[in-house]
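Asker: Quick one: the structure is below, questions incoming.
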Amino acid sequence: MDRNRMLAALALALPVAGALASIAANESARAGASEWRIPIAGYDPRDPLRGRYVQFRYVWQATGDTALCEKGDGCALCLEQGGAAVRAIPAGVSCPARVLPASSDLALAFEPGRRASASSRLWVSEAQAPGLERQLRAYPMVAVARLTRDGRLFPVRLEPARGQGRRP
Amino acid sequence: MRLGGKLEEWRAAGLTDAATLDAIRAYEARDQHGVGWFAVAGLGVLAVSLGVMSLVAANWDQLSDGIKLAAHLLLLTAAAAGVEWFRRTGRVWAGEGALFLLAALVLAGIALHAQVYQQSGPLWQALAWWAALSAPAILLLGRTRLTAIGLGAMLIALAASYGLDGGDWLGETLSASLPPALVFAALALPGREADDTFRAGLFGMGITLTLLVVSLAHIGWVFDVTARDAASVWERAAAPACFVAGACWLARRDQPPAEARLIMVVLAGGLAAVLIALGLPHPEGPGSRFLGVLSFLAFWGGTALLALRAGWLRLFRLGVAAIAARLLIVYFELFYSLAFTGIGLIVAGLLTLGLAWGWTRIVRRTGHG
């Protein structure tokens, strides 16, 4: 095989190799992830080209040095109380369930009364979206989210908080 | 090209005979693709890509994540195999279709992985990942102008979305490198068949973007450029300068001398014009504007002259039009009261008439129209 044909074959294999690498990396991160139930508020279903998703905000009771996050010095959040609360710690410090806001694409906001919130989104199917939208209007909801060992928090599904309604 | 009327006019004037006209018509009627054809084909491929994206976006519940990912991998492999198959059998447009499908599937795959693994992030990250996975195959296997324009458009979209997201040193350096990098890639790609228009498409996009950037950067002369602004421009200049140097070296080595000189003036002269407009600290005022006019006229004048010598008549006409437009703007900048505005218009008009006279003289001397 001459050099040009070899290069062409490699270039054509690259997209397939990239897709396989992405699947492997995501599956590996998912395998070691722990599951949390986090209260959420606010919703805003959208339907852009990229697909249907539900926009929501995680809402936590916040403790620890929240000023670290507000000053942009680099902070991490330690998930506590099953996901209902977070403790702000310096980014370099470890804790049992550490969320890195940058890895999780979370823009944190701190409100008076020691509350923290961060916007996130969940990709949902077209069939599932209307039911979910109704539930979000009717009940307090939680996001069931997974936390990978490298600190990425991602939502898996939204469901009513315990004792409220039925799952979609 | 609308030939019908002109050919009849030439025959009536006795410039040519019926046999020659038939030969010209037969030559022009061979398989060529005009703007209309590109528009229809472009709409078709856009519809296909949006369709693939919408199918992914529908995120069907009936299929498990594993099946969706496997089906995507299968389609991706089939498209890659299709590109190779059509290339071997010499079916250029079928190969281009398969290559386009491959690129659309890469983008659809990024959206699919975002859905399955609940990833979120800015648009530029998805486009950068797309470019990393698709650009090598398109650069090596693309054969037509349409494919080259598609790749260029995606890279412009990447640069724009990165800029809108805030940008930083790396993003701005890469964006600034895009125009000379397209020219460099067009000149550096290995030799192809004679009917290959991919390189010409890439080259045309690179030159067009360069001319656009140089003309926009000229606005820098209207504003105050501080030492700090200037320093940040120089910090981002190294990578574009490397691409400019590489493209000039390739042009000198491989292109006819007249074209090589034109490429060098457009790229190196363009970089110099941008650097003095944005990288040279200057206050806002008439003096700066005057220097700006001079640099603009020098760049476009040199480009037009060398374009004429290289036989690139469209670029020559564009250069003359750019100079004429700039001369007319002079009166807005330098004259303020009604009387001076009148004088300004007269001066600008005379300069433009002088330009038209010079054009006629040059055209007569060189025989180009």
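The values are calculated or read from the model by the stated rules, or taken from the named source; none is laboratory data. Model, not experiment: these values are computed from the prediction. Cβ atoms come from the backbone with ideal geometry, glycine included; neighbour counts cover every protein chain shown.
Asker: Would you please name the residue that is surrounded by the fewest Cβ atoms within 10 Å (Cβ to Cβ), looking only at residues in the range B:98-137 that are of a type in the set (Gly, Ala, Ser) and free of Cβ contacts under 8 Å to residues at least 24 places away in the same chain?
Answerer: Top of the filtered list is B:121.
Asker: Would you say residue A:136 is more than 14 Å from every other protein chain (Cβ to nearest Cβ) and under 25 Å from residue B:111 (Cβ atoms)?
Answerer: Working: more than 14 Å from every other protein chain (Cβ to nearest Cβ): yes; under 25 Å from residue B:111 (Cβ atoms): yes.
The answer is yes for residue A:136.
Asker: Would you check if there is a residue in the range B:245-253 being of a type in the set (Lys, Arg), out of contact with any Phe, Trp or Tyr (no Cβ under 6 Å at 6 or more places or on another chain) and either surrounded by fewer than 19 Cβ atoms within 10 Å (Cβ to Cβ) or in contact (Cβ under 8 Å) with a residue 12 or more places away in the chain (or both)? Spell out how you get there, then give the answer.
Answerer: Of the residues in the range B:245-253, the ones of a type in the set (Lys, Arg) are B:252-253.
If we keep only those that are out of contact with any Phe, Trp or Tyr (no Cβ under 6 Å at 6 or more places or on another chain) too, we end up with B:252-253.
Subset that is either surrounded by fewer than 19 Cβ atoms within 10 Å (Cβ to Cβ) or in contact (Cβ under 8 Å) with a residue 12 or more places away in the chain (or both): B:252-253.
Within the range B:245-253 (the criterion being of a type in the set (Lys, Arg), out of contact with any Phe, Trp or Tyr (no Cβ under 6 Å at 6 or more places or on another chain) and either surrounded by fewer than 19 Cβ atoms within 10 Å (Cβ to Cβ) or in contact (Cβ under 8 Å) with a residue 12 or more places away in the chain (or both)), the answer is yes, since at least one residue qualifies.
Asker: Which residue pairs have Cβ atoms under 6 Å apart, sit 6 or more places apart or on different chains, and have a first residue in the range A:73-94 that is on the phi < 0 side of the Ramachandran plot and outside any loop (DSSP other than H, G, I, E, B) and a second that is hydroxyl-bearing (Ser, Thr, Tyr) and buried (at least 18 other Cβ atoms within 10 Å of the Cβ)?
Answerer: Close Cβ pairs (under 6 Å, with a partner that is hydroxyl-bearing (Ser, Thr, Tyr) and buried (at least 18 other Cβ atoms within 10 Å of the Cβ)) amount to A:88/A:66.
Asker: Here is a follow-up. Just the residues that are closer than 20 Å to residue A:102 by Cα, more than 8 Å from chain A (Cβ to nearest Cβ) and out of contact with any Lys or Arg (no Cβ under 9 Å at 6 or more places or on another chain), please, taken from the range B:124-134. Steps first, answer last, please.
Answerer: The first filter runs over the range B:124-134 and keeps only residues closer than 20 Å to residue A:102 by Cα, leaving B:124-129.
From what is left, the residues that are more than 8 Å from chain A (Cβ to nearest Cβ) are B:124-128.
Within the range B:124-134, B:124, B:125, B:127, B:128 meet the criteria.
Asker: Can you tell me which residue is farthest from the other protein chains (Cβ to nearest Cβ) among those in the range A:99-124 that are farther than 18 Å from residue A:65 by Cα and part of a loop (DSSP other than H, G, I, E, B)? Let's see the steps before the verdict.
Answerer: Narrowing the range A:99-124 to residues farther than 18 Å from residue A:65 by Cα: A:103-105, A:119-124.
Remaining after also requiring part of a loop (DSSP other than H, G, I, E, B): A:103-105, A:124.
Details: A:103: 11, A:104: 9, A:105: 5, A:124: 7 Å.
Within the range A:99-124, the match that is farthest from the other protein chains (Cβ to nearest Cβ) is A:103.
Asker: Give, as residue ranges, the helices (runs of 4 or more DSSP H) completely inside the range B:112-223 that count at least 3 residues that are closer than 22 Å to residue B:280 by Cα.
Answerer: Details: elements: B:123-141, B:145-164, B:169-188, B:198-217.
Counting at least 3 such residues, we get B:169-188, B:198-217.
Asker: In the range B:129-144, what residues are of a type in the set (Ser, Thr, Tyr) and at pLDDT 90 or above?
Answerer: Taking the range B:129-144 first, the residues of a type in the set (Ser, Thr, Tyr) are B:134, B:144.
Matches in the range B:129-144: B:134 only.
Asker: If residue B:323 passes every condition in (1) modelled with pLDDT under 90; (2) of a type outside the set (S, T, N, Q); (3) surrounded by fewer than 20 Cβ atoms within 10 Å (Cβ to Cβ) but one, which one does it miss?
Answerer: Here residue B:323 clears every test but (3).
Asker: Pairs under 8 Å by beta carbon, first residue under 12 Å from residue A:15 (Cα atoms) and facing chain A (nearest Cβ under 8 Å) in the range B:77-88, partner of a type outside the set (A, V, I, L, M) and surrounded by 20 or more Cβ atoms within 10 Å (Cβ to Cβ), six or more apart or different chains?
Answerer: Qualifying pairs under 8 Å: B:80/A:15.
Asker: Another question, if that's okay. Between residues in the range B:50-71 that are more than 10 Å from chain A (Cβ to nearest Cβ) and among the small types (Gly, Ala, Ser) and residues that are outside any helix (DSSP H, G or I) and surrounded by 13 or more Cβ atoms within 10 Å (Cβ to Cβ), which pairs lie under 8 Å by C-beta distance while being six or more apart or on different chains?
Answerer: B:71/B:63
Asker: Quick one: in the range B:89-111, which of the residues that are more than 7 Å from chain A (Cβ to nearest Cβ), part of a helix (DSSP H, G or I) and β-branched (Val, Ile, Thr) is farthest from residue B:145 (Cα to Cα)? Write out each step before concluding.
Answerer: Initial filter on the range B:89-111 (more than 7 Å from chain A (Cβ to nearest Cβ)): B:89-101, B:103-105, B:107-108, B:110.
Restricting the remaining residues to those that are part of a helix (DSSP H, G or I) gives B:92-101, B:103-105, B:107-108, B:110.
Still in the running and β-branched (Val, Ile, Thr): B:92, B:110.
Details: B:92: 12, B:110: 26 Å.
The selected residue is B:110.
Asker: Just give me the residues in the range B:45-64 being over 32 Å from the mean Cα position of the chain (by Cα) and exposed (fewer than 12 other Cβ atoms within 10 Å of the Cβ), in sequence order. It would help to see each step written out before you state the result.
Answerer: Quick first cut of the range B:45-64, residues over 32 Å from the mean Cα position of the chain (by Cα) only: B:58-64.
Scanning the range B:45-64 gives B:61, B:62, B:64.
Asker: Say whether the condition of being of a type in the set (Ser, Thr, Tyr), at pLDDT 85 or above and either exposed (fewer than 13 other Cβ atoms within 10 Å of the Cβ) or assigned to a strand (DSSP E or B) (or both) is met by at least one residue in the range A:17-24.
Answerer: Looking through the range A:17-24, none of the residues is of a type in the set (Ser, Thr, Tyr), at pLDDT 85 or above and either exposed (fewer than 13 other Cβ atoms within 10 Å of the Cβ) or assigned to a strand (DSSP E or B) (or both).
Asker: State the number of residues belonging to the range A:137-155 that are closer than 18 Å to residue A:59 by Cβ and modelled with pLDDT of 80 or more. So that I can check it myself, show each step before the final result.
Answerer: Our first condition is that a residue be closer than 18 Å to residue A:59 by Cβ; within the range A:137-155, this holds for A:137-145, A:147, A:153-155.
Now restrict to residues that are modelled with pLDDT of 80 or more: A:138-145, A:147, A:153-155.
Count: 12.
Quick grid of which residues meet (1) at pLDDT 90 or above; (2) farther than 25 Å from residue B:106 by Cβ; (3) within 14 Å of chain A (Cβ to nearest Cβ):
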{"residue": "B:146", "(1), (2), (3)": "no, no, no"}
{"residue": "B:176", "(1), (2), (3)": "no, yes, no"}
{"residue": "B:229", "(1), (2), (3)": "no, yes, no"}
{"residue": "B:232", "(1), (2), (3)": "no, yes, no"}
{"residue": "B:244", "(1), (2), (3)": "yes, yes, no"}
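Asker: Can you find even one residue in the range A:139-148 that is assigned to a loop (DSSP other than H, G, I, E, B) and in contact (Cβ under 8 Å) with a residue 40 or more places away in the chain? Reasoning before the result, please.
Answerer: In the first step, residues of the range A:139-148 are kept if they are assigned to a loop (DSSP other than H, G, I, E, B); the result is A:139-140, A:148.
Now restrict to residues that are in contact (Cβ under 8 Å) with a residue 40 or more places away in the chain: A:140, A:148.
Yes, the range A:139-148 contains at least one residue that is assigned to a loop (DSSP other than H, G, I, E, B) and in contact (Cβ under 8 Å) with a residue 40 or more places away in the chain.
Asker: When you look at residue A:90, is it more than 14 Å from chain B (Cβ to nearest Cβ) and touching a helix residue (DSSP H, G or I) at 6+ places or on another chain (Cβ under 8 Å), yes or no? Let's see the steps before the verdict.
Answerer: Details: more than 14 Å from chain B (Cβ to nearest Cβ): yes; touching a helix residue (DSSP H, G or I) at 6+ places or on another chain (Cβ under 8 Å): yes.
So residue A:90 passes the test.
Asker: Search the range B:259-268 for residues being in contact (Cβ under 8 Å) with a residue 40 or more places away in the chain and under 14 Å from residue B:211 (Cβ atoms), and hand back the single one that is surrounded by the fewest Cβ atoms within 10 Å (Cβ to Cβ). Full working, then the answer.
Answerer: From the range B:259-268, those in contact (Cβ under 8 Å) with a residue 40 or more places away in the chain are B:259, B:261-263, B:265-267; that's our starting set.
Then keep just the ones that are under 14 Å from residue B:211 (Cβ atoms); that gives B:262-263, B:265-267.
Numbers: B:262: 27, B:263: 24, B:265: 18, B:266: 28, B:267: 27.
Only one residue tops the list, namely B:265.
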